[in-house]
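Engineer: Attaching a single structure in structure tokens format; questions to follow.
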Amino acid sequence: MKIGIVLGTRPEIIKLSPIIRKLEELKNNLGIDYFLIHTNQHYSKYLDEIFFKELNLPKPKYNLNVGSASQGKQTGKMLEGVEEVLINERPEVVIVHGDTNSTLAGALASSKLKIKVVHIEAGLRSYDRNMPEEINRVLTDHISDYLFPPTEIAKENLIKEGIKKNIFVVGNTIVDATLQNIKIAEGKKEIIEDILKVIPMNKEYFLLTIHRAENTDNKKRLNNIVNGILKISEYYNIQIIFPIHPRTLKKLREYNILNKLESNKNIKIIEPTGYFKFLILEKNAKLIITDSGGVQEEACILKTPCITLRENTERPETLEVGSNILVNRVEDVDDIIEAIDIMIKRNRDWINPFGNGNSGGTIVNILLEKYKY
Ligand code: UD1
Ligand code: UDP
């Protein structure tokens, strides 16, 4: 059985790593053949290369070198590149993950060539078509042949849209990745030493990540978020560690508001970190403030309280179990403080709704069973 895997961004590399590792193992035993197509949507060292290294993943057989561009141009280039590879390789199935432009391009190229599409993390919905990710999710789900929603809620979303066949609820591979790698990370002296350069032992901090288009590409909203962050650090008298996504850095510079953060001694802006360092930062934070999908999940798994600066989330499970609160009115710091107060007082005894950490293996077994291996 020949499997193609299309990936391109930081979260795809992380969340597909349990599946890639499993296929690497089986490749030798069962003669299973697989290959990676990297679109290179992410290409900066700290969004790309570092994860291949840390997660011990093989170098992709194909790198399409697409890089950054407008939505249509980026997706179009990927579509062309993936198609060319698939015509030569002719795998039986192609695996895509999540909701990025790489996901959509991989799924579309495959389905037009009548190659079966496997969508991991299927069925997530924010019901907000302003997000490019929501469009990618819906389209990918509707052209997929095997769908792996992480939870029953995600499965129900698919059924409501008339998708009924070959749906398997398997949990989310982020649990596999988090549990496997936090253990490794905690054993790495150099990672701990590196973190101590940013934050002294036992000092409390909040961890911040922001990168969503709806937060970064609107000057007023990004400025409100920055003002809110500055007031929060003052109100709680706490350090805020901010590993900054290049998109956000670019926008803060463009809008001339980066200096407000840089000149405040409580705000520690750092480069995006590798996975080991980030997991440790998440686990030990007093609270996480984010707009990331994966970070909402990891906060829940690692039992760190989280607030999400968005109007909606495609991870409603985190709200239901009580690990996360949405705050949309970022212009009103009282709203943010109210949510933080609730979260830092809350018992961290919520139950992780994303599975037991065996999703990667389960997905591979289901696929092998389908193809009678
Ligand atoms: C993409 C995904 C988003 C995902 C995020 C993970 C889409 C539509 N968006 O957003 O769903 O949550 O990845 O991080 O697919 N840049 C660099 N170096 C890089 C990559 C990007 O500097 O390696 C900068 C460029 O200025 C680029 C901007 O970031 O224009 C945005 O990159 P892009 O790939 O378009 O989207 P992300 O914001 O990374
Ligand atoms: N992450 C990381 N270093 C960072 C920020 C995030 O390793 O500096 C990891 C994080 O642990 C999570 C993933 O990146 O697994 C989330 O990616 P991102 O927020 O870019 O995308 P999203 O999940 O929103 O699509």
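None of the figures in this text is laboratory data; all of them are computed from the coordinates on show. Fair warning: this is a prediction, and the values are worked out from it, not measured in the lab. Don't worry about glycine lacking a Cβ; one is built from the backbone with ideal geometry, like all the others, and counts go over all protein chains shown.
Engineer: Once all Cα-Cα distances of the range 157-235 are split into 10 Å bins that start at 0, what whole-number percent is in each one?
Structural biologist: Per 10 Å bin, starting at zero, the Cα-Cα P(r) for the range 157-235 comes out as 12, 22, 26, 28, 11, 1 percent.
Engineer: Arranged from highest to lowest average of other beta-carbon atoms within 10 Å per residue, in what order do the peptides 306-314, 245-253 appear?
Structural biologist: For the peptides 306-314, 245-253, the packing ranking is 306-314, 245-253.
Engineer: Also, quick follow-up: Translational diffusion coefficient of the chain at 25 °C, 0.890 mPa s, Stokes-Einstein with Kirkwood Rh over Cα pairs, in µm²/s as a whole number.
Structural biologist: Roughly 116 µm²/s, to the nearest whole number.
Engineer: Same structure again: Compute the helix-to-body angle for 189-198: its Cα long axis versus the longest principal axis of the chain, expressed 0 to 90° and rounded to tens.
Structural biologist: So the helix axis and the longest Cα principal axis differ by about 40 degrees.
Engineer: What distance in nm separates the simple spin-label points at ASN65 and ASP334, each placed 7 Å from Cα in the Cβ direction?
Structural biologist: 5.6 nm
Engineer: How fast does the range 106-257 diffuse by Stokes-Einstein, in µm²/s, taking the Kirkwood radius from C-alpha pairs at 20 °C and 1.002 mPa s?
Structural biologist: 113 µm²/s
Engineer: Which order do peptides 69-76, 274-281 fall in by mean Cβ count within 10 Å, highest first?
Structural biologist: Sorting 69-76, 274-281 by mean packing, highest first, produces 274-281, 69-76.
Engineer: If I take the Cα coordinates of the range 210-278 and project them onto the principal axes, what are the three extents in Å, biggest first?
Structural biologist: Computed over the range 210-278, the largest-to-smallest principal extents equal 30, 27, 18 Å.
Engineer: If you don't mind, another one. Dividing the alpha-carbon Rg of the range 314-373 by 2.2 N^0.38 Å yields what?
Structural biologist: Computed over Cα atoms of the range 314-373, the ratio equals 1.77.
Engineer: Mind grabbing the base-10 log of I(q)/I(0) for the range 238-373 at q = 0.13, 0.20 Å⁻¹? Debye formula, identical points on the C-alpha positions, no solvent, two decimal places.
Structural biologist: Here the Debye-derived log intensity ratios amount to -0.66, -1.30.
Engineer: So, one more: If a paramagnetic tag sat 7 Å from the Cα of ASN312 along the Cα-Cβ line, which residues of the range 160-198 would have the backbone N under 16 Å from that point?
Structural biologist: 160-161
Engineer: Follow-up. Compute the helix-to-body angle for 333-345: its Cα long axis versus the longest principal axis of the chain, expressed 0 to 90° and rounded to tens.
Structural biologist: Tilt of helix 333-345: around 80 degrees.
Engineer: In square nanometres, what is the average projected area of the Cα convex hull of the range 28-75?
Structural biologist: For the range 28-75, the mean projected area of the Cα convex hull comes to 4.3 nm².
Engineer: If you don't mind, another one. Relative contact order for the chain: what is it in percent, counting Cα pairs under 8 Å that are at least 6 residues apart?
Structural biologist: Normalised by residue count, the contact order of the chain is 16 percent.
Engineer: Sticking with this one: Between the helical axis of 71-89 and the dominant principal axis of the chain, each derived from Cα atoms, what acute angle in degrees is found, rounded to the nearest 10?
Structural biologist: With rounding to tens, the tilt is 30 degrees.
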